[in-house]
1. Need the failing condition index for Thr97 against (1) of a type in the set (Val, Ile, Thr); (2) over 19 Å from the mean Cα position of the chain (by Cα); (3) modelled with pLDDT under 85, just the number.
2. Can you say whether Ala121 is in contact with a Ser or Thr (Cβ under 6 Å, 6 or more places away or on another chain) and within 15 Å of Gln47 (Cα to Cα), as far as the supplied structure shows?
3. Identify, from the list Arg150, Arg76, the residue that is in a helix (DSSP H, G or I), modelled with pLDDT of 95 or more, out of contact with any Cys (no Cβ under 9 Å at 6 or more places or on another chain) and surrounded by fewer than 17 Cβ atoms within 10 Å (Cβ to Cβ).
4. Restricting the search to the stretch 154-170, which residues are among the aliphatic types (A, V, I, L, M), crowded, with 16+ Cβ neighbours inside 10 Å and within 16 Å of the chain's Cα centre (by Cα)?
Amino acid sequence: MRILVAIVLAFISTTALADSTGEHRPASRAPTATEVISDLYTFSRFQQGLLESTDLKGNAEVKNLAALRAEEAAQRDKGLKPIQEATGIEPRVVKTTPASASLVEPETSDGPTFVKSFYAAQIPEYESVIDLLERYLKAPDNGALAAFAREQLPILRSHVKDAERSMADK
């Protein structure tokens with residue numbers, strides 16, 4: 001009987017640990033404010049990474065767009081900071097794959113291939129953050145963050161549509 005109790009307790013503790021470190025997030029569960037803030041900061045780092053990548057190998061079109069998106073990410077982070085500070089939320093630092101890893105390397109790229117990969121890298125990132133905000137808004141745990149999410153969703157949806165259109169045109 002003790003062994004059974006020990007197994008159950010071990011299972012519960014590992015499940016709780018996995019969930020608290022962000023390793024296990026069931027799609028059916030609404031994300032917490034901490035997860036949303038952390039993921040929004042991660043998304044901003046992704047956009048900054050795109051800018052750094054295009055500085056090295058992009059054409060003027062992608063450099064300008066990457067700079068615009070990085071600036072928008074900085075503004076989003078600036079708007080998010082007061083919410084984070086007011087709630088005392090410490091975002092979890094998650095190691096991410098650099099944005100440049102999803103872009104075609106310059107040696108294997110002609111101009112249009114790199115441009116397509118630039119837009120293609122953005123689409124799943126945008127879709128992921130849009131899905132996160134939509135799930136959060138179904139059961140928000142912070143009013144200020146919910147208002148922020150409602151404000152950001154139309155902007156992010158517009159950006160992903162622009163990326164899809166641009167990719168299709170290339």
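The values are calculated or read from the model by the stated rules, or taken from the named source; none is laboratory data. Bear in mind the structure is a predicted one, so any value in this text is a computation, not a measurement. So basically every Cβ, Gly included, is an ideal-geometry build from the backbone, and we count neighbours across all protein chains shown.
1. Failed condition: (2).
2. In short, yes.
3. From the options Arg150, Arg76, the qualifying one is Arg150.
4. Leu156, Val160, Ala163
Residue by residue, here is whether (1) in contact (Cβ under 8 Å) with a residue 12 or more places away in the chain; (2) assigned to a helix (DSSP H, G or I); (3) not basic (Lys, Arg) holds:
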position	(1), (2), (3)
Phe114	yes, yes, yes
Tyr119	yes, yes, yes
Arg135	yes, yes, no
Ala146	no, yes, yes
Arg157	yes, yes, no
Arg165	no, yes, no
